[in-house]
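What follows is a set of notes on a single structure, which appears directly below.
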Amino acid sequence: EAYCKYYQALLSAHRKQNKEAIQAYEECIAALKNSKEADDNFLLSKAYYNLAYLHFPNDGYDAMVNVLTTQCLPIAKKINNKELEAYFLTQLGLTFMSVAQLNKALEYHMQALPLLEGLPQNSPVPLITYMNLVSNYCYKPDSKSAKIYLDKATAIAQKYPNSQYEVNYRYQQAMYYTTKTEYPKALRILQEAI
């Protein structure tokens, strides 16, 4: 039943039925929060994150940071899921990056890096982490460091053309070339993304 609520919430959120999605996530969380099973806790952490994401427009960055640090990350560590832990760390970094706390953001992105080793080859988490690092370094601006992670992202993105991450990857490329003041190249890449 809890799993059904989770997927019902996903579908409702996809349909922009946020009130229904929030209710379904809350019911999922209530049903799973005392479970000791790793699979249940995996889903529980994702339900907490997705619920916080739906509440974000009203509750803001502080609430997102709170959920990531008090719910999601502790659960990922408890069930020893490195992929989930790395994902939540880089999302925490992204949250700090969104409010221009670039050094704090970098700390969390860097904590995610060692966890990427040994993840399944089809995991999107390394690509997400590398793209977040490209953004972070471009905002600083530090194009030399951004290039290191753009190259890592490129190595992954080339294996999965036309993936759901393609537009974000191209955006990261364009940001990098913008920091290098190579505007025609950045514009061409953005046009491809569009």
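The values are calculated or read from the model by the stated rules, or taken from the named source; none is laboratory data. Note that the coordinates shown come from a computational prediction; the quantities given were computed from them, not determined experimentally. For neighbour counting, all protein chains shown are included, and Cβ atoms are generated from backbone atoms with ideal geometry for every residue, glycine included. Keep in mind that these areas ignore ligands, DNA and RNA; they rest on the heavy atoms of the full protein, side chains included. Shrake-Rupley method; radii C 1.70, N 1.55, O 1.52, S 1.80 Å.
Matching residues to (1) over 14 Å from GLU1 (Cβ atoms); (2) in contact (Cβ under 8 Å) with a residue 24 or more places away in the chain; (3) of a type outside the set (Gly, Ala, Ser):
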| position | (1), (2), (3) |
| --- | --- |
| ALA21 | yes, yes, no |
| GLU27 | no, yes, yes |
| LEU32 | no, yes, yes |
| LYS36 | yes, no, yes |
| ASP40 | no, yes, yes |
| SER45 | yes, yes, no |
| LEU51 | yes, yes, yes |
| ALA63 | yes, no, no |
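In summary, GLU83 fulfils each of the numbered conditions (1) acidic (Asp, Glu); (2) exposed (fewer than 15 other Cβ atoms within 10 Å of the Cβ); (3) more than 27 Å from LYS19 (Cα to Cα) with the single exception of condition (2).
For segment 92-127, give me each residue that is open to solvent by less than 20 Å² (accessible area, probe 1.4 Å) and not in a loop (DSSP other than H, G, I, E, B). Reasoning before the result, please.
To start, the set of residues in segment 92-127 that are open to solvent by less than 20 Å² (accessible area, probe 1.4 Å) comprises 92-93, 95, 97, 105, 109, 112, 116, 123, 125-127.
LEU92, GLY93, THR95, MET97, ALA105, HIS109, ALA112, LEU116, VAL125, PRO126, LEU127, listed by residue number.
Screening segment 141-178 for residues that are of a type in the set (D, E, K, R) and surrounded by 14 or more Cβ atoms within 10 Å (Cβ to Cβ) and picking the one that is modelled with the lowest pLDDT gives GLU166.
Of the listed requirements (1) part of a helix (DSSP H, G or I); (2) at pLDDT 95 or above, THR181 misses just one: (1). Would a scan of segment 38-59 turn up a residue that is open to solvent by less than 80 Å² (accessible area, probe 1.4 Å), at pLDDT below 95 and under 22 Å from TYR108 (Cα atoms)? Within segment 38-59 (the criterion being open to solvent by less than 80 Å² (accessible area, probe 1.4 Å), at pLDDT below 95 and under 22 Å from TYR108 (Cα atoms)), the answer is yes, since at least one residue qualifies.
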